[in-house]
Structures are given as C-alpha cells and as structure tokens.
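Below is one structure, written out as structure tokens; comments come after it.
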Amino acid sequence: MKGTIAMFKRIWTLFKARNIEFYRDRSALGWSILFPFLIIAGFSLIFSEDSQKLYKAGVLKADGAAPLPQSEHLLTHPLIQAIELADRNDALTKLRHHRLDMVLSADTGHYWINSDAPKGKILEEILLGGGRTGDGPFTRQMVTGDRIPYVEWLFPGILGMNMMFSALFGVGYVVVRYRKNGVLKRFSVTPVRPWEFLTAQIISRLFVMLATTGIVYGTCTALYGFSCRGSLAALFAVFVVGGMSMISLGLLLAARGSSEELAGGILNLISWPMMFLSGVWFSLEGTTPWVQALSRVFPLTHLIEGARKVMNDGAGFAEVRLEIILLLAMTLACLVAGSLLFQWKND
C-alpha cells in the first residue's frame, strides 16, 4: 500500500513540475493558443472569395449504364477529375463535406451541388453550357441535410493539427532535451521508474492539450458560430484518445535520442507528411489508393475523421467507435514500444 502511494506521489510530482515548466514558457503557451486562431482567421478570409481552381465531380453509374452524351464535355474536361461512385448517400455526404464539388448521375441526368461551394456552381455552368436550367437533359436535385461551410469543415482538422504539434514537439523534443541536459540521468538514480516518468509526461501534456483545445474551440465557436452537431462527450473522447496516441508517438520517437537537431528533423519528417496526408486542409478523395492507405497509418487521420463525424455529421459514440478503438490500439503499441526502448541516458 505504501509503495502504491509513493508511486502516485512521484507521478503527481512529475506532472506538476512539467506543467509549471510549460506555463512559465509564455511564448510556447501563447503560440499553442494563437496559432489555430491565425489559421482559422486566414482561411475564413481566403475562402470567402470564389477563388478555388480544383474541381472534383462524383459520377454515379448504374451497372452497365452509359453516361449521357451531353455530360462528356464535363467528364473529360482537363481541369475536372471525374470520380466514379456507387453509393448515392455516400456521394452526397462527401458533397456536403466539400470532398466533392458536384455529384452527377450521368445516366439519369440528375446532379447535385453544394450551394455553399463556389466550385459546384462553376461545374454546373460547365455542365449546362452557360447556366441554362430550363432545357436540356439535366435536372438539379436538392442536397438533403445541413450544408457545411468549408471553414467549419476545416475546423476539426485545425484542432487536430494543433494537438499533433503540441504532442510531438511538446513531449518528444522536450524528452530529448532532458536527456541531453542530464535531467534524465539524475532521474535514473531516484526511485522514479521509466513507466512512471512516461505516464506523468502523458498526463501532463494531455491536460495542457485539452485545456488549450477547449479554449480554441470555445472561442472559435463564439466568434464564427461553429456548432457541434453530435455528442460533446463523444467529441471529448475522440480528442482524449487522439491526444494520447500522438503523445505516445512523440515518446516513442524520443525514447533514445539525445540530439535536439536530429530530434527536430525526425519530428518534422513525421509531422509534415502526417499533416498533409491526414485531411487537415483538403480531402484525399480521388487520390491513388496507396496514398489513401498510407494516410490510415497516421493517428491524426483517425482523430480528424472522428472529430468531423461528431462536429459535422452529428455522430455519437456508436459512429466513432472504430476511430476510438484504432487510436487506443496505436496508443498502446507506441507506449509498449517506447517503454521497451526508453533509456535515461545514452550508453
């Protein structure tokens, strides 16, 4: 019993010390809160203009049905990517989420656009030949459900990206610095065990990440009118397990290194591909299969997908259970590997 109490005291002491160190670094604290605001404000300004240039059209085809000849100029246009889809409901969901700019049933002549997306309006004019809607074989259909502005679709990705940088650099880089400065060497002659140290780092960084994410979420919701259509408890769970998975990844990357320069390079090597392949800025719809498969390796992908399901689609725990399970599995794998590889000091 006394040993258990002493263990929790050591973890609590490490937890407090790491939090105090972070809060004293006012520049890091301020940047972790200010950075996502700058991203949201910039994209709100940029995407208020009809200045997008890339087009994706989802094409619904019945088995064996040939597209209408009048749609060929749209489907073969050099600036338009035609993506064949089988399920209409899935296609319309992607349209609402700005992953597609138009959905066209090429054999029936029905098409759908998102009226909040300028790309869809341009594709409609291309399809109809100058915007005529009263004649010809094509008929506009209404998209059911709430339309989601691009900035609101982007918002979960920005929150996830901010958590990623906070986890990787706030844990991985700091642990490497501790090892280089001899802090971990001093811990090696204390009763603190490696897993206790790692547990304290996870709890401390998770506390900081959730606090800053909550501030950003609440402020952006008040300023821009963003809303969470699903369960706030499910959203919180996604952020918790997503944060844990990225913190554990940062600890794994810092398990042995003592060079800050090398650690920074490795963290950038991991974080930037993760950011671009996890759907933070744009959808990977229509990319090659191996790119989409690679994106599933990153925890940020599942964090953002789970958050968007809750915030944009109104999902609850049942709908995001797969993302939660995958993130927990990634957390466990990284923690086990990190604990086995961890060294207080270099040999």
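The values are calculated or read from the model by the stated rules, or taken from the named source; none is laboratory data. Not measured: the values here are computed from a predicted model. Cβ atoms come from the backbone with ideal geometry, glycine included; neighbour counts cover every protein chain shown. The protein model used for the area step is the full one, side chains on, heavy atoms only, and it has no ligands, DNA or RNA in it. Shrake-Rupley method; radii C 1.70, N 1.55, O 1.52, S 1.80 Å.
Straight Cα distances below 27 angstrom link K345 to the lysines K9, K16, K180, K185, with same-chain residues fewer than 8 positions distant left out. Quick check: at a probe of 1.4 Å, how many percent of the accessible area of region 222-286 sits on carbon and sulfur atoms? With neighbouring chains kept in place, the figure for region 222-286 is 73 percent.
Here the peptides 329-337, 251-259 are ranked by packing, the mean other Cβ count within 10 Å, and the order with the highest first is 251-259, 329-337. Using the Cβ-Cβ distance between K345 and T13 with R0 set to 22 Å, the FRET efficiency works out to roughly 0.60. Within the accessible surface of region 138-216, defined with a 1.4 Å probe on protein heavy atoms only, the carbon and sulfur portion equals 62 percent. Points 7 angstrom from Cα along the Cβ direction at E261 and L210: gap in nanometres? According to this spin-label approximation, the distance is 3.9 nm. Using the structure shown, list the pairs from K121/K309; K94/K119; K119/K309; K61/K309; K56/K94 with a Cα-Cα distance above 21 Å, or answer none. In this structure, K121/K309; K119/K309; K61/K309 lie more than 21 Å apart at Cα.
Taking 0.36 nm per residue of sequence separation and removing the Cα-Cα distance, the R193/T139 pair yields an extension gain of 12.6 nm.
Per residue, region 194-324 exposes 40 Å² of accessible surface when a 1.4 Å probe is rolled over the protein heavy atoms with every protein chain present. Each eigenvalue of the Cα gyration tensor of region 273-347, multiplied by 5 and square-rooted, gives one semi-axis; in descending order these are 28, 18, 10 Å. Between E72 and S115, the FRET efficiency estimated from the beta carbon spacing at R0 = 25 angstrom works out to 0.45. Distances between placed amide hydrogens fall under 5 Å for G58 paired with I83, D101, M102, V103, L104, all partners being 5 or more residues away or on another chain. Specify the inter-centroid distance of region 242-262 and region 172-225, based on alpha-carbon positions, in whole Å. What the calculation gives is 11 Å, centre to centre.
A Förster radius of 45 Å combined with the Cβ-Cβ distance from Q292 to K180 puts the calculated FRET efficiency at roughly 0.70. Take 94-103, 4-13, 302-311 and order them by the average number of nearby Cβ atoms within 10 Å per residue, most first; the result is 302-311, 94-103, 4-13. Under the simplified labelling scheme, the V336-A318 pair shows an inter-label distance of 3.1 nm, with each label point 7 Å from Cα along Cα→Cβ.
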